[in-house]
Amino acid sequence: MALNKISKAAMRCSLPSRVLVLAGLCCNLVACATAPSTPKPLSAVLTGSNTVLLGEVHDNAVVHAFRLAALRQAVEAGWRPAIAMEQFDREKQATLDLVRQAKPVDIDRLIVEAAPSGKGWQWDYYRPVLALAIQYNLPIVAANLSRVDAAKVAKQGVAAVLPDKLIVDYGLAAGVPDDLLAKQRRAIDLGHCGQLPPSLLEGMAQAQIVRDVVMAEAIKPYLQNKRGVVLLAGNGHVRRDMGVPHWLPGAISVGMVEQTEAAAYDQTYLLPTQTRADPCAGLSLPMATSK
């Protein structure tokens, strides 16, 4: 979806020019409650950077359209990054590369073969990104930890899926830092409406941390490459205080948020909220009774 096709009602408010800056926050979340009117500032950040982590609210159409418009502008201006995606598990890299050898590339086949379960992703939001990568011959990087491996971490710990070298390289030999673990526990508890038993939070927090390490490792080969790399992932994964940037300090983190948050990103865009039902309304997790 091109930016000019986004609902005018959703994008009708424009920010004062002093708020749209290229360093610090793109939107002052304390004073600003409107959407940026143009993706040009973000596009300029992309073309001037080597490693950018672009967040998303997974089901927000405006967020996806705004991010795509900025990506397209940057690529059309000459930027040729690798595009790393949370939507593909790391084990599917060979499949992605194989499907891309066919000419023309069948995007639907690529999705079916490289993400066979779908995992609940709304692929209409990601097809245009894949089409852009194919049009400009940009590498597509499978960046995510699979659900199977995440479950192993939750039950058995970090060493269940990370080789010794990565455990040492990422400073995990003595275990996950307590402060990082605490932040992830809070985020997971909030994301599950406070209904998870404490006994599950620790393992799930460790799995989320390993997921961020795996994403960081997936994009590392492009850090010193003139091509550059952009990671597309949920906002939680691109937070400076606990996400992928914790493991890649030099990366630029861009949050695409619906509501005010602490300054958890290098740059933040406040975009219109997607209409949705309250995810916590009427929710009752079976395991919650074990608290």
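Among residues of the stretch 115-163 being closer than 20 Å to G234 by Cβ and among the basic types (K, R), the one that is modelled with the lowest pLDDT is K119. If the condition is being farther than 16 Å from A207 by Cβ and outside any loop (DSSP other than H, G, I, E, B), then the stretch 149-189 contributes D164, K165, V168, D169, D178, D179.
So A94 fits all but one of (1) within 24 Å of V213 (Cβ to Cβ); (2) of a type in the set (A, V, I, L, M, F, W, C); (3) touching a residue at least 40 places away in the same chain (Cβ under 8 Å); what number is the exception? Unmet for A94, out of (1) within 24 Å of V213 (Cβ to Cβ); (2) of a type in the set (A, V, I, L, M, F, W, C); (3) touching a residue at least 40 places away in the same chain (Cβ under 8 Å): (3). Of all residues in the stretch 53-84, those being in a helix (DSSP H, G or I) and either farther than 27 Å from W247 by Cα or of a type in the set (D, E, K, R) (or both) number 8. Scanning the stretch 98-138 for residues that are within 14 Å of L71 (Cα to Cα) and either crowded, with 18+ Cβ neighbours inside 10 Å or hydrophobic (A, V, I, L, M, F, W, C) (or both) gives Y125, Y126, P128, V129, L130, A131, L132, A133, I134, L138.
Within the stretch 192-251, being small (G, A, S), more than 15 Å from G157 (Cα to Cα) and assigned to a helix (DSSP H, G or I) holds for A216, A218, G236.
The values are calculated or read from the model by the stated rules, or taken from the named source; none is laboratory data. Keep in mind it's a predicted model, so treat the numbers as computed, not measured. Note that each Cβ is placed from the backbone with ideal geometry, even for glycine, and that neighbours are counted across all protein chains shown.
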